[in-house]
Amino acid sequence: MAYYTIELCGKLADKLSPSFSHEIDGDHCTVSALRQSLAAAYPALATDMASTRVRACVDEVIVSNDTTVTAGQVIAFFPPVSGG
């Protein structure tokens, strides 16, 4: 088991918390597997975690769903934003 630091931005943070630890089996996983684990553990995030519009960053770098993350890294998820 390993703990991952999760940061949620924008409307995602409103649904749960801006930052928290999430436990998952193994010392590494893909962003896609992490999304699935978060959706299962926190139903309020399920739709957002399944959306391709919600982007992921690992250690402040935007990454794809097939990126491998390891325990100790900070994984942030952020929804699309609009502005004027």
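Annotations
- The chain, accessible surface, carbon-and-sulfur percent (1.4 angstrom probe): 52
- With Cα atoms, 0 to 90° folded angle of helix 31-41 axis to the chain main axis: 80
- In the context of the full set of protein chains, residues of the chain present 57 Å² of accessible surface per residue (probe radius 1.4 Å, heavy atoms only).
- Residues M1, M49, ordered by accessible area of protein heavy atoms at a 1.4 angstrom probe radius and largest first, appear as M1, M49.
- Segment 1-71 shape via C-alpha gyration tensor axes, a/c threshold 1.5: rounded
- For segment 59-82 versus segment 1-53, the gap between their alpha-carbon centres in whole angstrom: 10
- Helix-only arithmetic for the chain: the sum of -39500 (n - 2.57) across DSSP H runs with n ≥ 4, divided by the residue total, places the mean residue ellipticity at 222 nm at -6000 deg cm²/dmol.
- Karplus 3J(HN,Hα) series, Hz, for segment 4-20 with 6.51 cos²θ - 1.76 cosθ + 1.60 (x for Gly, Pro): 10, 8, 10, 10, 10, 10, x, 5, 5, 5, 5, 7, 9, 6, x, 8, 7
- Extension gain for the segment L16 to T52, taken as residue separation times 0.36 nm less the Cα-Cα distance, is 11.0 nm to one decimal.
- Accessible area, probe 1.4 Å, largest first, for residues C57, C9: C9, C57
The values are calculated or read from the model by the stated rules, or taken from the named source; none is laboratory data. A quick note: this is a predicted structure, and the numbers were derived from the prediction, not measured. Only protein heavy atoms, including side chains, enter the accessible area calculation; ligands, DNA and RNA are left aside. Shrake-Rupley method; radii C 1.70, N 1.55, O 1.52, S 1.80 Å.
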